[in-house]
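Structure record follows, encoded as structure tokens.
Where a number appears in this text, it was derived from the coordinates with a stated rule and is not lab data. Nothing here was measured: the structure is a model prediction, and the numbers come from that model. A quick note on method: Cβ atoms are made from the backbone with ideal geometry, for glycine too, and the neighbour counts reach across all protein chains shown.
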Amino acid sequence: MATLWHGRFDGDPADDLLAFTVSLPFDRRLFREDIAGSRAHVRGLARGGLLADDEVSAVLGALDTVESEMAEDRFTFAVSDEDIHTAVERRVTELAGAAGAKLHTGRSRNDQVATDLRLWTKSALTDVAQRTLDLQRALLTLAERADDAYLPGYTHMQQAQPVLLAHHLLAHGWALARDVDRLLATRARTDVSPLGAGALAGSSLPLDPVATAADLGFARAFDNSLDAVSDRDFVAEALFDVALIGVHLSRIGEEVVLWSTDEIGFLALDDAYATGSSMLPQKKNPDIAELARAKTGRLVGNLTALLVTLKGLPLAYNRDLQEDKEPLFDSVEQVALALGALTGMLTTATVRRDRMRAAADSPYAAAVDLAEWLVERGIPFRDAHAVVGGLVRDALRTGGGLADLVAAHPALGSEAAALLAPGVAVSRRTTWGGAGPAAVAAQLERFRDRLEVDAGRCAP
Ligand code: ARG
């Protein structure tokens, strides 16, 4: 069998070796990047006088053929094609003959695979960022539609203070904005070409990594050839960014699960975005939300797997690095699916404002407003807290209305009792970034601006 290294070896590789070491089943998705890298390398060889014009056109022509064969699923892989780089080079040599045999001049699969993966990751990060923006847009649309709807805000899962629904939705939106920012920062650090690092030390041939980097659309070339072939920080970062998106989606998912229960009932899912039960005819289940919650374990696992693979690896390339691809491909694929499904589920869900309002209108949710009303009249907050706390305790103990106790209290009275009326508390959250109508209107404006700016930054 014709391996890339057959010259130095006496016999063929063992079947067990091939079975254990091949990466073709998962790295064949890098074929476009591999061919793009080869085209740039061929042009670099030509600039260095290492390929004549007719050789350049023969190899570039063969690369075009290989690309269409692979894109159209007409490519016949050979048993000896252990990875995508081997497959492309083998076929180019078949098609272009002697000129094809010059393709790998001054290049190693070590700088080649790092180049392919950086190209792939750059566009994957762009795609994930754009899908994250789509979910942010869905949250914005829901927030705009929510108008003056409000619901209880919770701490410790206990009702705390009412908040506008728009405020609650945008809280998730801002977390996603940080995700987009992180993806773009990772993309900038990924945008470095390793091509020309060779196996580990560069080359004796007249090659110019800086020119090749520009040819491939990279922002710059590597500074150190050893680092160029060893570095998988960009994969680790991409996996972290995606895992944290997963964490954010799991929190949205958990909320949707709770909100669509019969007991809470703040949200009704559209039939197209819910599932039924094979046994219980009445069931409507939030499976997308549950899987958004669950997939996060896998995303965190992929990040962990790569970090453990990288830990303690000596410079420079080691075959261990081949284990970078499956976690990355899997995380990107899963997060893309999760973002799409959540966007659809949220866009089509029906908000039950009546249920939200009924839950938020408990007079106890306005307790701090009573204390702040006393503060405005010169009472120290700690004393005001104690007065209102005592009234809450009495109301709970006697089962009487808090409003009556407030109206009857010498320091409070009917003006204070009016603060407990439905809808009043939420309107009093007036400070910057707060949960009331004016603050949320200003926040919506900022969020829209941010989305517009980020849409521009997320262009490929
Ligand atoms: N399939 C390998 C990988 O994904 C390509 C590089 C192999 N290089 C080598 N010297 N064995 O990492």
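For Q159 paired with E72, estimate the spin-label separation in nm (one decimal), with each label point 7 Å from Cα along the Cα-to-Cβ line.
Here the modelled spin labels are 6.7 nm apart.
Could you please report the charge total around D262, scoring K, R as +1 and D, E as -1 over all other residues with beta-carbon less than 13 angstrom from its beta-carbon?
Once all neighbours under 13 Å are counted, the net charge is +3.
Shape verdict for segment 338-460, please, from the Cα gyration tensor: rounded (a/c under 1.5), prolate (a/b greater than b/c) or oblate.
Because a/c hits 1.5 or more and a/b exceeds b/c, segment 338-460 counts as prolate.
Over the chain, what is the relative contact order in whole percent, taking alpha-carbon pairs under 8 Å and six or more residues apart?
This gives 16 percent for the chain.
By per-residue mean of other Cβ atoms within 10 Å, what is the highest-first order of 433-439, 452-458?
Going by the mean number of other Cβ atoms within 10 Å, highest first, we get 433-439, 452-458.
Given charges of +1 on the Cβ of Lys and Arg and -1 on the Cβ of Asp and Glu, with all other atoms neutral, how large is the dipole of segment 329-453 about its Cα centre, in debye to the nearest 20?
The calculated dipole for segment 329-453 is roughly 160 debye.
Rounded to the nearest 500, what is the chain's calculated 222 nm mean residue ellipticity when only DSSP H runs of at least 4 contribute -39500 (n - 2.57) each, over all residues?
-20000 deg cm²/dmol
Got a sec? Charge dipole of segment 90-179, +1 on Cβ for Lys and Arg, -1 for Asp and Glu; which of G153, L133, G100 is way out at the positive end?
Value: G100.
Taking the Cα centre of segment 398-460 as origin and charging only Cβ (+1 Lys, Arg; -1 Asp, Glu), how large is the dipole, in debye to the nearest 20?
Using only the charged Cβ atoms, the result is roughly 180 debye.
Taking 8 Å as the Cα distance limit and 6 or more residues as the minimum spacing, I'd like the relative contact order of segment 275-343 as a percentage.
33
What is the helix-to-structure angle for 437-457, meaning the angle in degrees between its Cα long axis and the longest Cα principal axis of the chain, kept from 0 to 90 and rounded to the nearest 10?
It works out to around 0 degrees.
Determine the shape class of segment 3-59: with a ≥ b ≥ c the square roots of the Cα gyration tensor eigenvalues, call it rounded for a/c under 1.5, and otherwise prolate if a/b is greater than b/c, oblate otherwise.
Verdict is oblate for segment 3-59.
Which order do the peptides 145-156, 338-349 come out in when sorted by mean C-beta neighbours inside 10 angstrom, highest first?
Peptide ranking by packing, descending: 338-349, 145-156.
Between R29 and F381, what is the FRET efficiency for a Förster distance of 56 Å, r being their Cβ-Cβ separation, to the nearest 0.05?
Calculated value: 0.40.
What residue among V210, L142, L200 has its Cα farthest toward the positive end of the dipole of segment 137-220, where the charges are +1 on Lys, Arg and -1 on Asp, Glu, each on the Cβ?
Checking the options against the dipole of segment 137-220, the answer is L200.
With the Cα gyration tensor of the chain in hand, convert its eigenvalues to equivalent ellipsoid semi-axes via √(5λ) and list them largest first in whole Å.
Equivalent ellipsoid semi-axes, largest first: 61, 23, 19 Å.
Enter the Cα centre distance for the pair segment 94-147 and segment 303-347, rounded to the nearest angstrom.
Measuring centre to centre over Cα atoms gives 13 Å.
Run the numbers for A188 and L313: contour at 0.36 nm per residue of separation, minus the present Cα-Cα distance, in nm.
That works out to 42.5 nm of additional length.
Got a sec? Charge dipole of segment 244-375, +1 on Cβ for Lys and Arg, -1 for Asp and Glu; which of A367, V300, P281 is way out at the positive end?
Checking the options against the dipole of segment 244-375, the answer is V300.
What dipole magnitude, in Debye to the nearest 20, does segment 1-131 give about its Cα centre under +1 on Lys/Arg Cβ and -1 on Asp/Glu Cβ?
Approximately 580 debye in magnitude.
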